[in-house]
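The values are calculated or read from the model by the stated rules, or taken from the named source; none is laboratory data. Everything numeric in this text was worked out from a predicted model, so none of it was measured. Neighbour counts run over all protein chains shown; Cβ positions are idealised from the backbone, glycine included.
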Amino acid sequence: MRLAVFLPELVRHLFKKPATVDYPFKKLEVPKDFRGTPFLHPDICIACRACERDCPAEAIEITAVSDVEKKFKMIIHNDRCVHCAQCVDSCPTNPVKAMEMDHLFELACFDRHDLKMEWIFVRALPKKEPKPAAPAAGPAPS
């Protein structure tokens, strides 16, 4: 009796496409707005520390290496990061952000210290907006 109930279900699933992906052998496509791990563009960073201040997980550390050379060191602790992208939203650099989220999701490792990412960089000076040119002086009114 039980086999008679199960048999139609079995036959129906024999011709269906698998519901899962053969993961390690076929890579998954991540969605467009996927928030992976944060990373820094050191050539754009102005070392304002807004990302460090606004990180809810306290996963970002910025320390001054040399005040004379304006050299800084940034450490991102991916073992603490909650991938909220608050650091990217807080970054004031425009039009390109110094902080960005990548699409990596395979972060497993045996030691949590291997998840730490470090950059040593020289502070980029903020680019000033060019002032609009004054209109050319026209003929004087008579």
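For this structure, a couple of remarks:
- A single entry from Glu61, Glu52 fulfils the requirement of being modelled with pLDDT of 85 or more, surrounded by 16 or more Cβ atoms within 10 Å (Cβ to Cβ) and of a type in the set (Asp, Glu): Glu52.
- Residues considered: Asp67, Asp79. Of these, the only one that is surrounded by 14 or more Cβ atoms within 10 Å (Cβ to Cβ) and either out of contact with any strand residue (DSSP E or B) (no Cβ under 8 Å at 6 or more places or on another chain) or not basic (Lys, Arg) (or both) is Asp79.
- Search result, residues across the stretch 85-116 that are under 25 Å from Lys27 (Cβ atoms) and either in contact with a Cys (Cβ under 7 Å, 6 or more places away or on another chain) or hydrophobic (A, V, I, L, M, F, W, C) (or both): Ala85, Val88, Met101, Leu104, Phe105, Leu107, Ala108, Cys109, Phe110, Leu115
- Subset of the stretch 53-80 (residues that are of a type outside the set (Lys, Arg), without any contact (Cβ under 8 Å) to a residue 24 or more places away in the chain and either closer than 17 Å to Met117 by Cα or touching a Phe, Trp or Tyr at 6+ places or on another chain (Cβ under 8 Å) (or both)): Glu58, Ala59, Glu61, Ile62, Thr63, Ala64
- Looking at the stretch 1-85, the strands (runs of 3 or more DSSP E) lying wholly inside it that each contain 3 or more residues that are touching a Leu at 6+ places or on another chain (Cβ under 9 Å) sit at 71-77.
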